[in-house]
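Structure first, then comments.
Values quoted throughout were computed directly from the atomic coordinates according to the rules given, and no laboratory measurement underlies them. Computed from a prediction, not measured in an experiment: that's the story for all the values here. So basically every Cβ, Gly included, is an ideal-geometry build from the backbone, and we count neighbours across all protein chains shown.
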Amino acid sequence: MNDFDIYKNGKKRDAGTYIDDAPMYLFNQGVNYESYRMLGAHRGKSFSGKDGYLFAVWAPHAKSVSVVCDGNGWDRNKGRMYKHMDFGIWEVFLEGIEPGQCYKYSIETFRGDIFLKSDPYAFYSEVRPANASITTELDYEWNDKKWIDKRTKTEPYDKPINIYEMHFSSWKTHEDGSYLTYTEMADELIPYVKKMGYTHIEVMPLSEYPFDASWGYQVTGYYSANSRFGRPEELKYFIDKCHQNDIGVIMDWVPAHFPKDGFALAKFDGECLFEHPDSRRGEHKEWGTLVFDWTKTEIWSFLISNALFWLQEFHFDGLRVDAVSSMLYLDYNRNDGEWLPNKYGGKENLEAIEFLQKLNMAVFERLPNVMMIAEESTAWGGVTSPVNKGGLGFNFKWNMGWMHDVLDYMQCDPYFRKGNHYKLTFPMMYAFAENYILALSHDEVVHGKRSLIDKMWGTYEEKFSELRLLYAYMYSHPGKKLLFMGGEFGQFIEWRFAEQLDWGLEEYDNHKKMWEYSTALGHFYQEHPAFFEIERELSGGEWEGFKWLKAQDCENSVLAYLRLSKDKKDEILVAINFTPIDHAIYTIGVPENGDYKVVLNSNDKKFGGDGSGSKTYHAKKIPCDEFDYSIDITLPALTALYIQKLPPTKKVKKEKVVGLVKKQTSEIKTIENKTKALAETEKSEK
């Protein structure tokens, strides 16, 4: 028997049944957080000792349910299931079924209709457009213990997190357009992200989905590893290899809604089972999808188990939870009369809120330092606050406000930027209200929004300068980092889900240098604690890692600030000029006397600039920006500078210097006397 056996030999509820009452009761109560060990298809032995599979499915409204499969000729009379009446769960053990066989549930309703449904708990599925579930095992020998142990002991808040968001289908393909497999992607992607300086990969959903254009956000197989790219064990291999190379893996997860495909969850047993029966609660008309019925505790068991399934069984390091805002608000994307208020008359979805809190508590009780990331686009308070303090319990949230403000600003003509200066400074007012991730995601480079570089103001050359500014600002701003694929080299074409990235751009100098710049930023970020250590929400010292130097110079559209590490040994002064106007002299205050060197210059020739601005400056005893000292820097047009104080040179005692001078003088005189004597000797010989 494998790890997924939940039935107990010799302990039967009724003759011929295998599942004990306890896990079914917990499932109905919404607290069976490993329900994938009970429901679905699991290999084992029958009571008579023969090999086969135990099938179990939740379908309380069905009149009858049968397993139809390759092993019984798809005859519903040969795989009839037994119903546990108190729990709405059906089960049957079929002898002789082997791994790799296709199957579905044949569900008969009390109206006399018969539907074929894929298994909501299937671990593997046919490649679309086929949609049968496939019996399989999840055996895999992991080799990432070192990574998992380190992750378990280390909180992520004061660590560098630099995420490469990517879409498996379109990152890179074979010449014939076919997809890279999980194992091929391990060989191709891992060296690339390591070279570029990323710490994590975030993959768009890899659970099964039928429609390519949904990008994976309309899930039909919540427990099924996407079959487009290989088998479940091959996905595990990919994650394992990432961990062995010190790369974390996060997956986008979609508990907010699901599609209406007839073979999947919609009206699963002939009635609204997974979805809310009232369309004012149970449907997102704009998306063409259905909404889970948060009043059913079985849904909590189904989805919390699913989150833990990916984190525990596949070793994902985190889940980015999609569309959280649509779960929090009953009136989300709905007009008056199209939504139902809660029992208090409000618009908050009380049951969904409770679900999210229970989800995060369950995850962090078992896996304390994974990442649970909310894609939440409103001002909902306490998204990353603990549940016992009234929060939702996530540990990170995408900073959508920062993203919208900074992209609006970068698209603005520099002449008008002084009137939009607040879009750069206002995000600092809430930068520590949550544990933020600064995300420049896939959502910003599709549907006519243009690519990141094409959003930038200016000529072709100026767009590259502006994109370098944007990235320098992002990496030095409080918050973890996320960039969608293609942005690292300045792809001009919008992201296209059906085609690979425009890799041919590596032949063009500007794009090649943008690659170099993105690589330099990624590694600089990881090497400098000033950029990541003091960022935690409600840490008590939120602003200790950030200090404004020039926040209000809107006339010049210049920002300057300090980032500091916990021990204050790492200090980075950031100065950014958002206009195409050079400043031969720009004065900035510094905390102490000494020499200050530009350690990263977005205008460096190797990054595509003209090289100006790369200098070392000595501080003057002239007060500026609340400091007693200041430096006069050269701040070129559309340039970002990272400046660091050089360590003081060691002072040599005066006596030692005098002794060295005397010794050198004596040695020089000796050499001169020898040279003179040699010349006289040569003269007398002649």
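Here are the numbers for this structure:
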{"read-out": "Listed residues Ala122, Tyr82, Tyr25: farthest to the positive end of the dipole of the stretch 21-134 (Cβ charges)", "value": "Tyr82"}
{"read-out": "Degrees, to the nearest 10: 654-685 long Cα axis against longest axis of the chain", "value": "60"}
{"read-out": "Centre separation in Å (Cα based) which lies between the stretch 209-223 and the stretch 450-465", "value": "33"}
{"read-out": "Label corresponding to Cα extents along the principal axes in Å when calculated from the structure given, among [x] 123, 70, 49; [y] 77, 70, 49; [z] 154, 71, 41", "value": "[x]"}
{"read-out": "For Glu592, net neighbour charge (Lys/Arg +1, Asp/Glu -1) across residues whose Cβ lies under 10 Å away", "value": "-1"}
{"read-out": "Chymotrypsin sites (Phe, Trp or Tyr not before Pro) restricted to the stretch 366-474 and DSSP loop, no more than 14 other C-beta within 10 Å", "value": "Tyr430"}
{"read-out": "Segment Lys389-Asp158, length gained on full extension (0.36 nm per residue, minus Cα span)", "value": "81.0 nm"}
{"read-out": "Packing-based exposure ordering (other Cβ within 10 Å, fewest first) of Asp51, Asp240, Asp570", "value": "Asp51, Asp570, Asp240"}
{"read-out": "Nonlocal Lys pairs with alpha-carbon distance under 15 Å, the stretch 21-134 (8 or more apart, or different chains)", "value": "4"}
{"read-out": "Acute angle (nearest 10 degrees) that the helix 350-366 long axis makes with the longest principal axis of the chain, alpha-carbon atoms", "value": "70"}
{"read-out": "Members of Lys423/Lys645; Lys153/Lys645; Lys423/Lys550 lying beyond 22 Å, as alpha-carbon distances in this model show", "value": "Lys423/Lys645; Lys153/Lys645"}
{"read-out": "Size of electric dipole in the stretch 21-134: Cβ of Lys, Arg +1 and of Asp, Glu -1, about Cα centre, debye, nearest 20", "value": "160"}
{"read-out": "Where labels lie 7 Å past Cα in the beta-carbon direction, separation of Trp503 and Asp187 in nm", "value": "1.2"}
{"read-out": "The stretch 21-134: C-alpha gyration tensor shape, a/c 1.5 cut-off, then a/b vs b/c", "value": "rounded"}
{"read-out": "Inter-label distance, nm, simple model (7 Å from Cα along the C-beta direction), Gln552/Phe492", "value": "4.2"}
{"read-out": "Top positive-direction residue, dipole computed over the chain with Cβ charges, set Ala186, Gly40, Gly346", "value": "Ala186"}
{"read-out": "Residues Lys241, Lys285, Lys480, sorted so that the one with the fewest Cβ neighbours within 10 Å comes first", "value": "Lys285, Lys241, Lys480"}
{"read-out": "Additional length obtainable on full extension of the chain from Asp278 to Ile622, 0.36 nm per residue less Cα span", "value": "116.9 nm"}
{"read-out": "Trypsin sites (Lys or Arg not before Pro) within the stretch 338-367: DSSP coil, no more than 15 neighbouring Cβ in 10 Å", "value": "Lys343, Lys347"}
{"read-out": "Karplus 3J(HN,Hα) series, Hz, for the stretch 115-129 with 6.51 cos²θ - 1.76 cosθ + 1.60 (x for Gly, Pro)", "value": "10, 9, 10, 6, 7, x, 10, 5, 8, 7, 9, 5, 6, 4, x"}
{"read-out": "Förster radius 30 Å - calculated FRET efficiency between Met85 and Glu365, Cβ distance, rounded to 0.05", "value": "0.40"}
{"read-out": "Percent antiparallel among DSSP beta bridges (both partners in the chain, rounded to 5)", "value": "70"}
{"read-out": "Centroid-to-centroid separation of the stretch 560-603 and the stretch 292-312 [C-alpha atoms, Å]", "value": "48"}
{"read-out": "At R0 = 35 Å, FRET efficiency that the Cβ-Cβ distance of Gln29 and Lys63 yields, to 0.05", "value": "0.85"}
{"read-out": "Pairwise FRET efficiency - Val446 versus Asp336, Cβ, R0 = 25 Å, nearest 0.05", "value": "0.25"}
{"read-out": "Relative exposure of Lys104, Lys172, Lys569, Lys260, judged by other C-beta atoms within 10 Å (fewest first)", "value": "Lys569, Lys260, Lys172, Lys104"}
{"read-out": "The chain - charge dipole about Cα centre, Lys and Arg +1 at Cβ, Asp and Glu -1, debye rounded to 20", "value": "2240"}
{"read-out": "Cα-based helix-to-principal-axis angle, 400-410 vs the chain, degrees rounded to 10", "value": "50"}
{"read-out": "MRE, 222 nm, helices only [DSSP H, n ≥ 4, -39500 (n - 2.57), over the chain, to nearest 500]", "value": "-8000 deg cm²/dmol"}
